[in-house]
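Nothing in this text is a laboratory measurement; each read-out follows from the coordinates by a stated rule. The shown structure was predicted, so the numbers you read here are calculated from the model rather than taken from an experiment. Virtual Cβ from ideal backbone geometry, glycine too; neighbours counted across all protein chains shown.
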């Protein structure tokens, strides 16, 4: 037999190798083989290309290995043909298992979804109130057949469109009511609205197309209040029923977003009818649609910020900053940035409601002041942190920055009909700085004036301002009988966010520094 130690042939009656004095194994001559190790045994360098020697230190990668016997080879040939769960299948099974576990938890704790359902019910009831309020506020405006009136008539009072079509084309047609609950729910979430109407008769065709972007920002106050109420209720119920606070918040956010996504599928209607007009065929086409992406984005943001935040406040009370810091510093700074922004916007909302609305709404439709104050409150807040406010049309844009009195202020006053919106900007700026500094003061134990932590807070604060800027940017585009017009009101994004970051960084640091000095 061949010795595996000295690699020589020995008589079969030998038990030990005469050269090495080691026991002769009775394997055949093909029993040994060599394989390349995955890592160098000397320096640990990975053998990425299956080399025989290490490219770093020269150590051999080769290692002796016993060849597999017949049984091993059979197993080697059989196992690859066996069905083994891939990583995707494992993840799928894990997802199914997690979903089943969550559903079972909700079944055992059925009351956990009650708070978010209360928020949804409040929102549903509010849609009917909003419609009746809008009808009474815009009732006098429907007598004027301008482009904007046609859109609101389609939403609220279709008989206005019927009268217009009858007077111009002699077509008598019943226009259905487009104000379904899904569309109203979409408008409450500031979804962009696209309206298109085409009328044709006696060889003449007229059409109107209107795009309304962020025009319904003021209606966000309804779902916001509903979610705040739901969040507060959930926090108290979580204490009473010993629920994991974050798990219930996550369930509620998912549930709210899913409901709104389902409603968004039905938040679009179309109407196409052919009628006889004095022996000549006439046609009427109307389509109304809302943005699915806007509804998804807004419902997710609102439920996370307002339901989640007020659920934590209700659950933890005065210890909310301490408890959120235990989860993660990033969570704490995001929460602190939201609190600073929320307090600032609420203050500016109340300021607008008391000091701006009476003069600002002197002319125009009788829209409730508490809704219009949402627009002016967001505007004055963003201006108080030195955001660049802009107004314009197809041809030119005018800008204004608080404390710098940017170009176009006088033109803006003419467009708005009053300068009340730009009053007391120095005072509002100082209040914004104080609000952010106070948050920095109370979270000093977390950031300890660490510049990296302060930068994270400023980044979170800036991200929330981006949400506000995107939500406030109003754009009305009208395409009517070959005449295109647009109106834009909003804030320039880049410069507004840069200034917001710098201001929040400095104010937050100052608040923390004051706390450090007072602690000495």
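Could you order peptides 241-251, 494-504 by the average number of other Cβ atoms within 10 Å of their residues, highest first?
494-504, 241-251
Among 350-360, 114-124, 331-341, how do they line up by average Cβ neighbours within 10 Å per residue, starting with the highest? If you can, show how the numbers build up before the last one.
Details: 350-360: 17.0, 114-124: 19.0, 331-341: 22.6.
The packing order, highest mean first, is 331-341, 114-124, 350-360.
So what does the Cα-only Debye profile of the range 316-412 read at q = 0.11 Å⁻¹, as log10 I(q)/I(0), no solvent term?
The calculated log intensity ratios at q = 0.11 Å⁻¹ are -0.49.
May I ask you to order 436-447, 385-396, 181-192 by the average number of other C-beta atoms within 10 Å around their residues, highest value first?
Working: 436-447: 21.1, 385-396: 17.9, 181-192: 23.4.
Sorting 436-447, 385-396, 181-192 by mean packing, highest first, produces 181-192, 436-447, 385-396.
Taking 7 Å along the Cα-to-C-beta vector as the label spot, tell me the residue 362-residue 326 distance in nanometres, rounded to one decimal.
Output for this residue pair reads 5.6 nm.
Please report the spacing between the Cα centers of the range 284-315 and the range 234-257 in Å, no decimals.
Measuring centre to centre over Cα atoms gives 18 Å.
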